[in-house]
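Reviewing the structure listed below.
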Amino acid sequence: MNKSIYAGNHSFTVEQAAAADPKPGEVRLRVAFCGICGTDMHIFHGKMDARVKPPQTVGHEMSGVIEALGEGVAGWKPGERVTVRPLLSCGSCAACRAGFGHVCMNLNFLGIDSPGAFQQAWNVPARLLHRLPPGLALDHGALIEPIAVACHDVRRARLAAGEKAVVLGAGPIGLFVALVARARGAEVVVVELDEKRRAFAASLGFRVLASGDGVPADVDAWTGGIGADAVFECTAAPACALLMARLPRVRGRVVVVGIYSQPAPVDLKQLFWREVEILGARVYEAADFDEAITLAAEGSLPLEKMISARLPLSSIQSGFESAGTGMKTLIQCDAIA
C-alpha cells in the first residue's frame, strides 16, 4: 500500500509499505479521503516537529471503509463506511475521570501524536469509529471532523434558534461554525479581513462585514444596539482577541475557537461591564460527531462548495503547497467507490 511521510522541512514523500494486521481492539481501514486542515499546515511549516517527530504519517480528517477486524472487535464488519474521531484518551487523568476525555491531559491525537490517515491503510481503535450513512459520499464524509469541531463550538455557546451570532474569521472552521449556527436557526454575521474569503462567505448566503474598527458599530446596528448573543473568535489574531469583547450583549457569550500560540490582549473591562461569558472550545466529543453526521446527511450544508480540490496521494506535496488558497483540499488516498 502507499503511505505518505511528512519528512520535515516542508517535505512529503510517498512510500510503499505492507499493510499491518490490526491489533486486538483495532480495525484496519482503507482510507478514501483525508482533508488538509490548519493543524496539518502548522505541521507542514515545521511548527510542530517536536510533537509530530518526523518522519511520520499525519492527517486525521478522513473517511474510509473497514477492511479487517482485530481480535475482540464486535459490532463492526468489513465493508462498512466510517469516519474516525481521532482522540485517544488515557481514561485515568483528572479530565477523563470528570468525563471530559476529549481534553485528556495525556491525549493522543491520531495523525499528530501517532500515525495518521494520509495513507491507503490505517489501523485505529474500533471505539473511535462512527458510521457514515449510505447516502453520504465518501469525499463529503471526510468533512465530518471539521463539522464536528463547529458542532462543539456552537454547543459550547448554547446557541438557540433566533439568536444572533457573530463569527470572526471566514476560514474553513469559521465558515463551518457559521453554517452549523445557521442550521440551528441562528442569524449569523461573518467578519473577515480577506476580500476573497468575504466573497466566498457571501456566496454561501451570509451577511459579511470587513474586519476593522467599524465592526462594533455595524453589529450594534444589526442588533438594534443590544449586541450579539454569541461571538465565535476563529482567527487566533490578536486584533480579534480585542474585538471579540466589544460585540456581545449583556450576559452574551464569547467562544474562543482559534488556537493562540502566544498570549493576546483582551478587553477585560468590556467583559466585566456586560457580564460576558468567555468560553474555550477544543476539538469535540462523540455527540458532536453524531450531530455532524446528521447535518451532513440531511443535505442542509453546502459541502460540495467547501471542497476546493481533490488530489491523489501522489500529489500530497503540491496539495500542501496550495492548500492555503482555498477552503478544503482533500487527498484521495484510495479510489474506493
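Figures for the structure shown
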item: Mean projected area in nm² (Cα convex hull; one quarter of hull surface) for segment 128-192; result: 5.0
item: Contact order relative to length of the chain, as percent, for alpha carbon pairs under 8 angstrom and 6 or more apart; result: 19
item: Charge-dipole axis of segment 158-280 as Lys and Arg at +1 and Asp and Glu at -1 on Cβ define it, positive-most pick from Gly280, Gly185, Ala199; result: Gly185
item: Surrounding net charge for Leu247, when Lys and Arg each add one and Asp and Glu each subtract one, Cβ distance under 12 Å; result: 0
item: Helix 286-298 vs. the chain, principal-axis angle (Cα, 0 to 90°, nearest 10); result: 90
item: Efficiency of FRET between Arg274 and Leu193 - r from beta-carbon atoms, R0 35 angstrom, step 0.05; result: 0.90
item: Karplus 3J(HN,Hα) series, Hz, for segment 170-179 with 6.51 cos²θ - 1.76 cosθ + 1.60 (x for Gly, Pro); result: 10, x, x, 5, x, 6, 5, 4, 4, 5
item: Proximal lysine pairs, the chain, alpha carbons under 20 Å, eight or more residues apart or interchain; result: 6
item: Approximate shape of segment 111-256 as ellipsoid semi-axes (Cα gyration tensor, √5λ), whole Å, largest first; result: 31, 16, 15
item: √(5λ) per eigenvalue of the Cα gyration tensor, the chain, largest first, Å; result: 35, 21, 19
item: Electrostatic dipole magnitude of segment 158-280 [Cβ: Lys, Arg +1; Asp, Glu -1; Cα centre; debye, to 20]; result: 260
item: The chain - share of DSSP beta bridges that are antiparallel (%, nearest 5); result: 55
item: Spacing of the two label points (7 Å from each Cα toward its C-beta) at Lys23 and Ala210, in nm; result: 5.5
item: Test item: Cα-centred dipole of the chain, Lys/Arg +1 and Asp/Glu -1 on Cβ, debye; result: 380
item: Relative exposure of Thr235, Thr57, judged by other C-beta atoms within 10 Å (fewest first); result: Thr57, Thr235
item: Cα centroid of segment 37-111 to Cα centroid of segment 281-337, whole Å; result: 16
item: Efficiency of FRET between Ser261 and Val14 - r from beta-carbon atoms, R0 22 angstrom, step 0.05; result: 0.15
item: Sites Glu71 and Ala286 - FRET efficiency at Förster radius 35 Å, r taken between beta-carbons, to 0.05; result: 0.90
item: Dipole of the chain, positive end: most advanced residue of Val250, Ser11, Gln120 [Cβ charges, Cα centre]; result: Val250
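Read-outs throughout are calculated quantities, based only on the coordinates presented, and are distinct from any laboratory measurement. These figures come from a predicted structure and were not determined experimentally. Note: ideal-geometry Cβ built from the backbone for every residue, glycine included; neighbour counts use all protein chains shown.
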